[in-house]
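Input: a single structure, listed below in structure tokens.
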């Protein structure tokens, strides 16, 4: 039976990459095509996420409950970016997130203390197909590379567990976009994946409003929700990542 440690997370000087972890600019903005018929977008963004769930290594588990302020207080390094290219109907989308998270914790009544370090690299690569001016379908793969280090200290002993895992999930979804006036636009996307191939379930939802400054730059403000349910292996090789990552996002999009 796994030992679960409820963690009351404190602010840290190091650690989360940050998700500003985790969350991405909504991919579904209309692209202005170049003379060649192919258009490009580059996106840079930050995310203010909350993290809720369970991370496990071997027979040790840590309950994670991080608010937005905890995440930003724990930022060490990170990268969040997206590329989108589109022709007349077909396109490609690449969404990448890197996170490095470290948390100090205390158990109930102060009898146990612990530390959880979580490093995650996620990339979603999709092919898109435009149904009409507002709707696109997409399908592809989500790659996750996660390493977890857990230390639990009691009155007489300290237990350590460290494990890493990487896997690929199939993922499908739909993008929706519509103009709201001359400069504003709303976009939303929903993706689901896993299906037992890697994760039992992966869910990615996002929505954003976009304001265009000029032909090449726009400001995007929105919200993103990610849900991972992955559990694999036995004994010391067991790895669990059952995590919800959600929060507001803000970023700049460049069209070229």
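What follows draws every value from the coordinates through simple rules; no lab data is involved. These figures come from a predicted structure and were not determined experimentally. Cβ sites come from the backbone with ideal geometry, for glycine too, and all protein chains shown count toward neighbours.
Data table
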| quantity | calculated |
| --- | --- |
| FRET efficiency, residue 131 to residue 229 (Cβ-Cβ, R0 35 Å, nearest 0.05) | 0.75 |
| Cα convex hull volume per residue for segment 132-256 (Å³) | 136 |
| Footprinting exposure proxy for 240, 102 (fewest neighbouring C-beta atoms within 10 Å first) | 102, 240 |
| Chain lengthening between residue 141 and residue 68 when straightened (0.36 nm per residue, less Cα-Cα) | 23.5 nm |
| Fully extended contour minus Cα-Cα distance, from residue 244 to residue 215, at 0.36 nm per residue | 6.9 nm |
| Cβ-derived FRET efficiency at R0 22 Å, residue 168 paired with residue 237, nearest 0.05 | 0.70 |
| Extension gain, residue 195 back to residue 44 (0.36 nm per residue minus Cα-Cα distance, nm) | 51.4 nm |
| Stokes-Einstein D in µm²/s, Kirkwood radius over Cα pairs - segment 206-256 at 20 °C with 1.002 mPa s viscosity | 157 |
| Per-residue Cβ neighbour rank within 10 angstrom, fewest leading, 158, 128, 96 | 158, 96, 128 |
| Sorted by Cβ neighbour density within 10 Å, fewest at the top, the residues 246, 210 | 246, 210 |
